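These notes are about the structure you will find just below.
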Amino acid sequence: MWHMRPALRTLRSPMTAALFTTLFLAALALTTLAKLWLAQRHLAHIARFRAEVPEAFRFKIALADHQKAADYTTARTDLSIWAALFDALLLLAFTLFGGIQYIANHLSAWIASPLSAGVALIVSVLLLSSLLETPFSLYRTFVIESRFGFNKMTLRLYLLDGLKGLLIGAILGLPLLYAVLWLMAGMGELWWLYVWAVWVIFNLLVLFIYPTFIAPLFNKFSPMQDEAMKARIETLLARCGFSAGGLFVMDGSTRSAHGNAYFTGFGKTKRIVFFDTLLERLSGEEIEAVLAHELGHFKHRHVLQRILSTFALSLGFLWLLAQLMQADWFYQGLGVNSSGTATALLLFFMVLPVFSFLLQPLMASFSRKHEFEADAYAAKQTRAGDLITALVKLYQDNASTLTPDPIYSTFYDSHPPASARIAHLQRSSL
């Protein structure tokens, strides 16, 4: 009986591969149809409430601004429908229609080293995907964002940013990719632990160098010059027991009219960054309230929780990949005849979003919970009313819809809907 097992495994492999192909196609169809259904719900819900400002915002936001937000969201959602359809077709082209196999065959004929051929395969697919998706990015930036007055970027700056991104990706990504594929091929059954350790170290390194080395390649960061504002912020930081490596203003207006503020880095490289567009729009009290919200994320250790959860998920995914890369049906079921570490890594992370899409609401719910907690913290450190007026201005200036479809929001929105968030803050101020 023992000598029959390899033969039985060979016989079963085509059947298992066919079953996996069916499962993949079903998951892809379900995910794509779900995205289209959610988008259509979102569009219908926004259209239904476009004619009137919601009661909670009746005296805060003008009807023209409310309708601009509805039209802006509609335009972006319409584009997302076409992007979802294109992404599904592109995935099929790379997998079942033979795109990855075609590229792999040519690269293996040109490149003698299996390791270098594997790196070239992954880089080729990523570059081709990025190139094919560029029209959506161009339309979003130079048509939609320009139509609604947000885009400040020239085509030259857009291309320059893209070139910088490619260079940084090559400098940081290629050594990482070589290391990962080498570990996958040479470290035995526990390769996934070694790869995970390298991945963790790499991400921590990027977090450390991003504020001082990477971000300044794209934007100009100037120390805050407004002494009164600096004194206000430093008083808040001292009251909250928070230290930062500096207060900086970013020239966000060179690319977009959208405004924001954020923390970046950790340890001695930790910075507080304000978009210049935000400082121009909000009062000192409102800026303080927005910053208190961001401090709330640190006080509740949300950033650390997200980093740790990302590392935990990556460990689980790498273990799962280690199981799948030994199965012939995994490759054959996705239209690839040749196995290998690079092929396995590429296929796994290309199809993972198809099988994990329905878990997206869970991740979004954690993020919205964190936002409520950060708002509550800000309401204790500053006036809740200041954060409310700041949020209203941000919703207005960024043309964020006040009437998202509830189910769509559950799937996609990392922040609570405007009405729920402001109602929560009003309760906090009582």
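The values are calculated or read from the model by the stated rules, or taken from the named source; none is laboratory data. Since the structure is predicted, the reported quantities are computational estimates derived from the model, not experimental observations. Note that each Cβ is placed from the backbone with ideal geometry, even for glycine, and that neighbours are counted across all protein chains shown.
Summary table below
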read-out	value
Any pair with Cβ under 6 angstrom, 6 or more apart, that starts in region 355-383 at a residue that is farther than 23 Å from Glu234 by Cα and ends at one that is of a type in the set (A, V, I, L, M, F, W, C) and at pLDDT 90 or above	Phe355/Ala27; Gln360/Phe411; Pro361/Phe411
Which listed residue is in a helix (DSSP H, G or I) and touching a helix residue (DSSP H, G or I) at 6+ places or on another chain (Cβ under 8 Å), from Leu402, Leu387, Leu362	Leu387
Any hit, region 357-365, residues being farther than 27 Å from Leu204 by Cβ and either among the aliphatic types (A, V, I, L, M) or crowded, with 18+ Cβ neighbours inside 10 Å (or both)	yes
Residue check, Val143 under 24 Å from the mean Cα position of the chain (by Cα), under 30 Å from Gly335 (Cβ atoms) and either at pLDDT 95 or above or not acidic (Asp, Glu) (or both)	no
Unique match (being among the small types (Gly, Ala, Ser) and in contact (Cβ under 8 Å) with a residue 40 or more places away in the chain) among Gly99, Gly118	Gly118
Residue ID - surrounded by the fewest Cβ atoms within 10 Å (Cβ to Cβ), chosen from residues in region 44-53 that are assigned to a loop (DSSP other than H, G, I, E, B) and not aromatic (Phe, Trp, Tyr)	Ala51
Residues that are free of Cβ contacts under 8 Å to residues at least 24 places away in the same chain and hydrophobic (A, V, I, L, M, F, W, C), drawn from region 167-184	Leu167, Ala170, Ile171, Ala179, Leu183
Test for Leu63: is it in contact (Cβ under 8 Å) with a residue 24 or more places away in the chain and either over 20 Å from Leu359 (Cα atoms) or of a type in the set (Val, Ile, Thr) (or both)	no
Leu352 in a helix (DSSP H, G or I) and either modelled with pLDDT under 95 or within 17 Å of the chain's Cα centre (by Cα) (or both)	yes
Residue under evaluation Thr134, criteria (1) under 30 Å from Tyr178 (Cβ atoms); (2) crowded, with 18+ Cβ neighbours inside 10 Å, criterion not met	(2)
Given (1) assigned to a helix (DSSP H, G or I); (2) touching a Lys or Arg at 6+ places or on another chain (Cβ under 9 Å), index of the condition Leu181 fails	(2)
Any hit, region 36-55, residues being basic (Lys, Arg) and at pLDDT below 95	yes
Test: residue in region 54-67 that is among the basic types (Lys, Arg) and either outside any helix (DSSP H, G or I) or buried (at least 18 other Cβ atoms within 10 Å of the Cβ) (or both)	yes
Complete set of residues in region 377-399 that are charged (D, E, K, R) and over 22 Å from Phe150 (Cβ atoms)	Lys380, Arg383, Asp386
Test for Arg50: is it closer than 26 Å to Asp413 by Cβ, of a type in the set (Lys, Arg) and over 25 Å from the mean Cα position of the chain (by Cα)	yes
